[in-house]
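Below is one structure, written out as structure tokens; comments come after it.
Every number in this text was worked out from the coordinates using simple rules, so none of it is lab data. Small disclaimer: the values here were computed from a predicted structure and weren't measured. Every residue, glycine among them, receives a Cβ derived from its backbone with ideal geometry; neighbour counts consider all protein chains shown.
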Amino acid sequence: MMITLPPLLYIGLNLILITLIPQHAHSFCVYNQGEPGVLLTAEQIGGVDNTPMIRRFKQKKFMHPGDNICCPYDYKDCSDVPDKNHPITLWLHFPNYHDTDPTGYDITGVAGGYIIVSGPVVQPKFEVFNADHQSITFNLTQTLRTLGAYDT
């Protein structure tokens, strides 16, 4: 037995299904694969227009080991240019190690790639990949920055 839907109901169901499909298939991501207890925060500092400081990606909660965060490169708050190879820079910080010291790491990547942070907080390991899962060369600088208001 075949069920025929009225045209307006059919269109309505299709619109609902389209809105449920993620609109941003490609993103840059940060993965916390640190040892147990290693917390991580991330804030974008390059590759996006920072003129109004609210127009950039900023992590609002601590990332626990196993957590990840992503930001689609075709979204203006994530990349100036909707290009997976557009350069970006993030500031990564370990709040449980530097809770009163705003020292973190500036790290470069590309808007369609991802960063994996692993190891102990006292000697973290950083790996950067492009959208094709190829390891890429990156710059890493230990940097002092003002801490954001992160939630725990």
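Computed packing ranks the peptides 131-139, 115-123, 81-89 as 81-89, 115-123, 131-139, most packed first, by mean other Cβ atoms within 10 Å. Arranged from fewest to most other beta-carbon atoms within 10 Å of their beta carbon, 140, 90 become 140, 90.
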